[in-house]
Amino acid sequence: MSTSALPGNEQCYELREVTKQYGGRRVLDITTLDIRRGEIVVLVGPSGAGKSTLLRMLNFLEPPTSGCIRYHGIASCADQRVPLEARRRVTTVWQRPILLKRSVEANIRFGLQLRGRRDSTRQVRQALEQVGLCALAQQQARTLSGGEAQRVALARAMVLDPDVLLLDEPTANLDPYNVGLIEDAVRGCNHEKGTTIVWVTHNVFQARRLAHRVALLLDGRVVEFAEASAFFDTPQDPRTAAFVRGKMVY
């Protein structure tokens, strides 16, 4: 069980009869899914299960083909877009970060500048501290290792103080040191600020370390969604049990 702050009962996201199709191929089909405000939800499942597609829809980068996603009561549907003010409360860190050809500090400051927040020295410094990059603040982003670059991307997201932080395998292929720093920073963001976290990972051990609740996606459907302890110790679906044991579920 995660040591992060326990969530309340207020819903952050409510998904009802949500589908997503590309060229006639249905890649996501979710009857119902609720994410509580302030919780850490970890999405697991094989490649192609629909996890990244779901993240893009939670960040309002793509609308559902049918059905509706409600974010604090604001609807995202095929014919209804979420207002900019609400979209700015959600941010994503992708597996392969794209950084500007600037210093570490300038990369972290960039999003705040786009939003017109010029007096951001304290926030940027705090973000650097959260990911352990104070010593590299003036270093050029192009010289960073993969783990350092990913920590810059995370700091750039956290400095915006989002209500929701979406993470698409942010620690894939990183060494244990950088994995630990990123997990600690995200856990701290949840614990100290109550940020809602949705984290996609293939790593069952990481899911067990971090999650309040875990959802298994297979072929675009939610097979099981449960409290972390129940998901890992007493799974209700045989496919979940197979996944937890490390067996193939493709």
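Nothing in this text is a laboratory measurement; each read-out follows from the coordinates by a stated rule. Since the model is a prediction, treat every value here as computed from it, not as a measurement. Because the Cβ atoms are built from the backbone with ideal geometry, glycine has one as well, and the counts that use them run over all protein chains shown.
Listed by first and then second residue, the pairs with beta-carbon distance under 9 Å, at least 6 apart or on different chains, first residue in the stretch 174-194 and more than 10 Å from residue 147 (Cβ to Cβ), second outside any helix (DSSP H, G or I) and aromatic (Phe, Trp, Tyr), are 186/199.
Comparison of 93, 104, 124 shows that the only residue that is within 22 Å of residue 62 (Cα to Cα) and either β-branched (Val, Ile, Thr) or under 19 Å from the mean Cα position of the chain (by Cα) (or both) is 93. Residues being out of contact with any strand residue (DSSP E or B) (no Cβ under 6 Å at 6 or more places or on another chain) and in contact (Cβ under 8 Å) with a residue 40 or more places away in the chain: count how many of those fall in the stretch 76-90. Matching residues across the stretch 76-90 total 2. Based on what the data block shows, is residue 73 in contact with a strand residue (DSSP E or B) (Cβ under 6 Å, 6 or more places away or on another chain) and on the phi > 0 side of the Ramachandran plot? No, not satisfied. Out of all the residues in the stretch 88-100, is one or more more than 30 Å from residue 36 (Cα to Cα) and among the hydroxyl-bearing types (Ser, Thr, Tyr)? Taking every residue of the stretch 88-100 in turn, none turns out to be more than 30 Å from residue 36 (Cα to Cα) and among the hydroxyl-bearing types (Ser, Thr, Tyr). Checking 76, 52 one by one, the residue that is out of contact with any Lys or Arg (no Cβ under 9 Å at 6 or more places or on another chain), of a type in the set (Gly, Ala, Ser) and surrounded by 16 or more Cβ atoms within 10 Å (Cβ to Cβ) is 52 and no other. Of all residues in the stretch 224-236, exactly one satisfies the criterion of being in contact (Cβ under 8 Å) with a residue 60 or more places away in the chain and either touching a Ser or Thr at 6+ places or on another chain (Cβ under 7 Å) or of a type in the set (A, V, I, L, M) (or both), namely 228. Only a single criterion out of (1) of a type in the set (A, V, I, L, M, F, W, C); (2) under 22 Å from residue 47 (Cα atoms); (3) touching a Phe, Trp or Tyr at 6+ places or on another chain (Cβ under 8 Å) is not satisfied by residue 186, namely (2).
More than 30 Å from residue 134 (Cβ to Cβ), touching a residue at least 40 places away in the same chain (Cβ under 8 Å) and outside any loop (DSSP other than H, G, I, E, B), is that true of residue 112? No, not satisfied. If you take the residues in the stretch 174-212 that are touching a Gly at 6+ places or on another chain (Cβ under 7 Å) and in a loop (DSSP other than H, G, I, E, B), which one is surrounded by the fewest Cβ atoms within 10 Å (Cβ to Cβ)? Ranking the candidates gives 175 first. Residue 117 passes every criterion in (1) buried (at least 16 other Cβ atoms within 10 Å of the Cβ); (2) within 29 Å of residue 181 (Cβ to Cβ) apart from (1). Residues in the stretch 152-173: is at least one outside any strand (DSSP E or B), more than 15 Å from the chain's Cα centre (by Cα) and not hydrophobic (A, V, I, L, M, F, W, C)? Yes, some residue in the stretch 152-173 is outside any strand (DSSP E or B), more than 15 Å from the chain's Cα centre (by Cα) and not hydrophobic (A, V, I, L, M, F, W, C). Exactly one residue out of 122, 142 is farther than 24 Å from residue 177 by Cβ, charged (D, E, K, R) and outside any loop (DSSP other than H, G, I, E, B): that is 122. Quick check on residue 215: is it surrounded by 19 or more Cβ atoms within 10 Å (Cβ to Cβ), assigned to a strand (DSSP E or B) and either touching a residue at least 24 places away in the same chain (Cβ under 8 Å) or in contact with an Asp or Glu (Cβ under 7 Å, 6 or more places away or on another chain) (or both)? Here the answer is yes, as residue 215 does meet what is asked.
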